[in-house]
Amino acid sequence: MNNYGIGKWKAFTLDCGWHVANKINLSPGWDDMKIELPYLAFLLQDGEKNILIDNGINERFLIDGKAWGGAPADCGEKDIVNSLKKHGLEPSDIDIILYTHLHNDHVGNCQLFPSTVSIAQWDDWDNLLNPCPAELPRRDFDFQVIPMLKENKNIVLVEGDMEFAEGIKLIKTPGHTRGSQCIVVNTTKGIRIFVGDMFHLRCSAFPQETEMCDYRGKVHKITPAPESWPTIPSTLVYNYYDYYKSYHKVRAHTPEWKPEYLAFGHEPSHLHIPI
């Protein structure tokens, strides 16, 4: 692999539970099939700091073992806690949380981190407080996190791109939400861009792929899009003009446009292949 971006940060995938999704919602027009997908968070470590990217969904969004739309799911506070324990960590050991965006499945367990330094884009905070009508029936936002975040004296809202720390850059990438951001990290394996739900799945960013695995690791055949399709925006994109601008912005931060440089918000292969 190209040595561009080699840095000090070790990156790990954290399993935050699973849900059954219909792939056609994440890649409209392609593959009407049910598939188990994970909720994911990521851990960055440099030997001194523990940085968390997102923290999963809370079990209050499950009704009789089902997520929104009646989809079977198993997820909640226990999952992020157990995943941290596998790395010898408790929630109190996390120094910083970087939120890709403030949807319910990325900020749902913020109650575990009541005073942890927490970073999000200002426009995403405003999006949480003032969602557009299409976001309400989907229950994209967990409004119970609003007082929890407000009570955290160490929440910091940023505007736009910034060099956050040595080897970590925040880039604003609206489209999925108004204030989505991607986290560009110089890891010990090279550059990695944690895209949140800018691209839910690997095949969203690389739509010519012919197979994908599910949460359990089972491989499924999928339909490749024509070469003319640069990316497949999901039905959860609210501004397509912003989305395509953000797509080009993410591309500009990669040494080459290849899947190994990206870490996706719900990509099952991250649970089976180290990022």
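Laboratory data are not the source of any read-out in this text; all were calculated from the coordinates shown. Please read all numbers here as calculations on a predicted model, not as lab measurements. Neighbour counts are summed over all protein chains in view; Cβ atoms, including those assigned to glycine, are modelled from backbone coordinates with ideal geometry.
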message = For the chain, what does the helix formula give at 222 nm: sum of -39500 (n - 2.57) over DSSP H segments with n ≥ 4, over the residue count, nearest 500 deg cm²/dmol?
response = -4500 deg cm²/dmol
Segment Trp229-Asp64, length gained on full extension (0.36 nm per residue, minus Cα span) = 55.5 nm
ask   = Is the range 131-179 rounded, prolate or oblate when judged by the Cα gyration tensor, a ≥ b ≥ c being the square roots of its eigenvalues, rounded requiring a/c under 1.5 and prolate requiring a/b larger than b/c?
value = oblate
query = Each residue of the range 147-154 in turn: what ³J(HN,Hα) in whole Hz from Karplus with 6.51, -1.76, 1.60 and θ = phi - 60°, glycine and Pro shown as x?
reply = x, 5, 5, 4, 6, 7, 6, 10
message = Let me make sure I get this right: for the chain, a, b and c are the square roots of the gyration tensor eigenvalues over alpha carbons, sorted descending. Under 1.5 in a/c it's rounded, otherwise prolate if a/b > b/c, else oblate. Which is it?
response = rounded
ask   = Once a ≥ b ≥ c are taken as the square roots of the eigenvalues of the Cα gyration tensor of the range 186-275, is the result rounded (a/c under 1.5), prolate (a/b larger than b/c) or oblate (a/b not larger than b/c)?
value = oblate
ask   = So how much slack lies between Asn130 and Glu209, counting 0.36 nm per residue of separation and subtracting their Cα-Cα distance, in nm?
value = 24.8 nm
ask   = Which listed residue (Met148, Val185, Ala120) has the Cα farthest towards the positive end of the charge dipole for the chain, taking +1 on Lys and Arg C-beta and -1 on Asp and Glu C-beta about the Cα centre?
value = Val185
key: From phi via Karplus (6.51, -1.76, 1.60), per-residue ³J(HN,Hα) for the range 197-204 in Hz, x at Gly/Pro   = 9, 3, 10, 5, 10, 4, 6, 6
ask   = Over the Cα atoms of the range 68-157, what is the Rg over Rh ratio if Rh follows Kirkwood?
value = 0.98
note = Residues whose built amide H sits under 5 Å from the amide H of Ala225, excluding neighbours closer than 5 in sequence, are Gln208, Glu209
message = What's the magnitude of the charge dipole for the chain around its Cα centre, counting Lys and Arg as +1 and Asp and Glu as -1 at the beta-carbon? Answer in Debye, nearest 20.
response = 340 debye
remark   = Measuring from its Cα centre, the range 109-149 shows a charge dipole (+1 at each Lys and Arg Cβ, -1 at each Asp and Glu Cβ) which, in debye to the nearest 20, is 160 debye
request  = Report, by chain and number, residues whose modeled amide H sits under 5 Å from the one on Gln121, excluding near sequence neighbours (fewer than 5 apart, same chain).
outcome  = Val158
ask   = Could you name the aspartates and glutamates in cross-link range of Lys258, using Cα to Cα under 20 Å and dropping any fewer than eight places away on the same chain?
value = Asp197, Glu209, Glu211, Glu227, Glu267
